[in-house]
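The block underneath contains the structure these notes are about, expressed in structure tokens.
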Amino acid sequence: MNIILWIVRVVVVLLLVWIASKNADPVTLYGIGANLKMPLALILLAFFGAGLLLGLLSSLVAMFRLKREIRRLNRALQSRNSDIPVALPEAGKRI
């Protein structure tokens, strides 16, 4: 299964490289205060990278929030466990 997944990944990357090489003509990007002329593949890669970065940042915020919640719950669990008396077995009896 792992080999099939790697084969699919390689095919997808090769397909993307082929499409990018066939669409290497410069594209003008308007609306950001200046006109940028860059290849379409480079513009798409930049926007993909920006989206990836924003997604990672938003997941980091959620991850830190969940870690803080786990720490709080572990402290509450430890304080409750310390309040419960432990019953020791009587001497000579099997457990």
Next item on the list: Scan the stretch 32-70 for residues that are polar (S, T, N, Q) and either in a helix (DSSP H, G or I) or within 19 Å of I19 (Cβ to Cβ) (or both) and jot them down.
Entry: S58, S59
Checklist line | Counted residues, the stretch 16-46 - those being without any contact (Cβ under 8 Å) to a residue 12 or more places away in the chain, exposed (fewer than 10 other Cβ atoms within 10 Å of the Cβ) and not basic (K, R) | finding: 7
Notebook entry, point to check: Residues of the stretch 12-29 being of a type in the set (V, I, T) and more than 23 Å from the chain's Cα centre (by Cα), which ones?
Noted result: V17, I19, V27, T28
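Readers should treat all values here as calculations from the given coordinates under stated rules, not as data from a laboratory. Quantities reported herein were computed from a predicted structural model and do not represent experimental measurements. No Cβ is skipped: glycine too gets one built from the backbone with ideal geometry, and neighbour counts run over all protein chains shown.
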